[in-house]
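The structure appears below as C-alpha cells.
The values are calculated or read from the model by the stated rules, or taken from the named source; none is laboratory data. Since we're looking at a predicted model, the values are computed, not measured. Every residue, glycine as well, gets a Cβ built from its backbone with ideal geometry; the counts of neighbours run over all protein chains shown. SASA here: full protein model, heavy atoms, side chains in, ligands and nucleic acids out. Shrake-Rupley method; radii C 1.70, N 1.55, O 1.52, S 1.80 Å.
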Amino acid sequence: ITSYWYTDGKWQPKIRLLDMQGKVLHEWVVRPEEIWPTSPFKDHVGDRMNRANNYVHGTWLLPDGNIVFNIEYAGLVRMDACGKVIWTVPYRTHHSVYRDDSGNFWVSGLNWRYETLPGYVHPQPEFVDEAALQVSPDGKILREIFILKSIYESGYGDLSASSQKTLDITHLN
C-alpha cells in the first residue's frame, strides 16, 4: 500500500507491505527530496515533484525484498529492503509499474512539449507527449514508445485533432 503516514511529527510518503489481517510486515520510507535533491528537469514544473510531499504511485515488489516504484512525475526508483536507493530513472514517470515475463518494467512517462514536432500535425505546443517506457532490471531505458507518434504512424493522427481541448491528450494510467 502506498500512502502518507504521520510519523515523527510530519506526514511522509511510505510503502507498506501488509498481511491479510492488515499487519505491517515491512515499510519503505520514501524521501523524494533526498532521492533527487535537485530536479533533473528543466521544464516549467521544474523541481515541484522532488519535494517531501510528493507521493508514490505504482509499485512492484521483487522476491528479494527490493521494490520498484514511481515517485509521481519525478521518476522511477528501485530501493532495497533496507531503504537504500539502488537506481533511479529520472523521467517524469507516473501511475502503474508492471513487470513483463522478461523481467523488464513498463511504466508510463511524459514529456512537456513546447515546440511543434515533426510529424505531429495537430497538437500545438504546449502539450504532454506520453510514452510507454520499457526499463531493464538495472534501470536502463530500453524502449520509449511515444503514444501520439504511434497514433500518427498508424494513420489515425487526425483523431487527435479533436482531442486537443487539454494539454494531456493521451494520458496513460
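A few comments on the model shown:
- Matching residues, the range 134-173, being part of a loop (DSSP other than H, G, I, E, B) and at pLDDT below 85: Ser154, Gly155, Tyr156, Gln164, Lys165, Thr166, Leu167, Ile169, Thr170, His171, Leu172, Asn173
- Residues of the range 6-40 classified as under 15 Å from Ile67 (Cα atoms), assigned to a loop (DSSP other than H, G, I, E, B) and basic (Lys, Arg), total: 1
- In the range 57-76 there is no residue that is over 22 Å from Gly139 (Cβ atoms) and either in contact (Cβ under 8 Å) with a residue 12 or more places away in the chain or touching a Gly at 6+ places or on another chain (Cβ under 6 Å) (or both).
- Selection within the range 41-59 - open to solvent by less than 60 Å² (accessible area, probe 1.4 Å), in a loop (DSSP other than H, G, I, E, B) and at negative phi: Phe41, Asp43, Val45, Met49, Asn50, Ala52, Asn54
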